[in-house]
Every structure is written in structure tokens, then in C-alpha cells.
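Undergrad: Dumping the structure here so I can ask a few things about it.
The values are calculated or read from the model by the stated rules, or taken from the named source; none is laboratory data. Here the structure is a predicted model, which means the values were calculated and not measured. Counting neighbours? That spans all protein chains shown, and the Cβs are built from the backbone with ideal geometry, glycine included.
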Amino acid sequence: MSETDMKFCNSYFLVDPTKASVLDLLLLLFCPNLTTRFIDSPPETLKSVRRSFASRWIIALAVLLQKILMFLRKPFAFIGGLLTYFPNLLTANGGFFKLILHLLTGNLVKPEESSATYTSFVGCTDRRVELDEKINVGTIEYKSMLSIMAS
């Protein structure tokens, strides 16, 4: 994004971690006068940020953390999918022992993510379908219990 694209403000600082390499981060830390390809900012803003080592350190650390999270995105998504799938597998088969029985007999029921019975992890751990009648409508407890049930 260039200065002409940013018509709503004069001072901005955009960082694109996909364009940054580890070498770029090291150069940012130790060579403050170099131009970087992963930072888009007006020259005045860039000069004020690059004056102190502490601000360059924070930027480099933030970009490094973003790169680590981008690297771990697919493994985390896979683990999250397993954490959601396994409780639904247990529920679809009637519990752990019936799951083993269905597995041995070949009658295993595989839950589908698009079905109405497929729930989130929180939905699998909290099986309430009706609120407690002792809780009054409009109270904090009512709203919190209702939001848990809605998930």
C-alpha cells in the first residue's frame, strides 16, 4: 500500500510479516537506516519509529511472533479439528465403551461436520438442552447459562 492509497490518515505503520525474512528482522534491529520491504509507512513515521532500539525490538519481536503463528496455523487447525471430532465421535456412538464395541463389530458411526448433531467442544461437554427452572429470566446467571447452551 502506498501513500496515495492511505487517504484517510497521514501517519500509519503497516507491517506485512509474509514479506519479512529472519535476515530482514536482524537488519531492522541493527541497521536502522536501511529500508525494509515488509514495512509500509510514511518517511516521517518511519524515522520516528527507527530512532530507538526499543521500538525496533518490539516491531521485530511482533513480526517474529506473527511468523511463528503463521507457521503453526495448520498444525493448530488439525489439533483443533481432532479436539472437536473425537467428542462428537463418542457422542455419535453412545459413549466410549459403545465406541469400542462398534469399532470391533464394524458398526462405527462417523459424525459429519455438516449435520445438526455435530457440536463444538463446549457443546459436547455441556449437554443441557433446557435451563434450570430456578434461574430467573434477565439475571446474570440466566444470560451466562443461555450463552453456554447456545454455543
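Undergrad: Please determine whether any residue of the range 1-15 is touching an Asp or Glu at 6+ places or on another chain (Cβ under 8 Å), loosely packed, with under 10 Cβ neighbours inside 10 Å and not assigned by TED's automatic domain parsing to the domain that holds G123.
TA: Scanning the range 1-15 turns up at least one residue that is touching an Asp or Glu at 6+ places or on another chain (Cβ under 8 Å), loosely packed, with under 10 Cβ neighbours inside 10 Å and not assigned by TED's automatic domain parsing to the domain that holds G123.
Undergrad: I would also like to ask the following. Quick one: in the range 19-72, of everything that is touching a helix residue (DSSP H, G or I) at 6+ places or on another chain (Cβ under 7 Å) and free of Cβ contacts under 8 Å to residues at least 12 places away in the same chain, which residue is farthest from C9 (Cα to Cα)?
TA: It comes out as L34.
Undergrad: Can you name the residue in the range 43-61 that is loosely packed, with under 13 Cβ neighbours inside 10 Å and aliphatic (A, V, I, L, M) and, of all such residues, is modelled with the lowest pLDDT?
TA: A54
Undergrad: Which fully enclosed helices (runs of 4 or more DSSP H) of the range 77-151 have 2 or more residues being in contact with a strand residue (DSSP E or B) (Cβ under 8 Å, 6 or more places away or on another chain) and either modelled with pLDDT under 80 or surrounded by 10 or more Cβ atoms within 10 Å (Cβ to Cβ) (or both)?
TA: Those helices (runs of 4 or more DSSP H) do not exist here; none qualify.
Undergrad: Go through the range 18-56 and give me each residue that's closer than 16 Å to Q66 by Cα and in contact with a strand residue (DSSP E or B) (Cβ under 7 Å, 6 or more places away or on another chain).
TA: F38, I39
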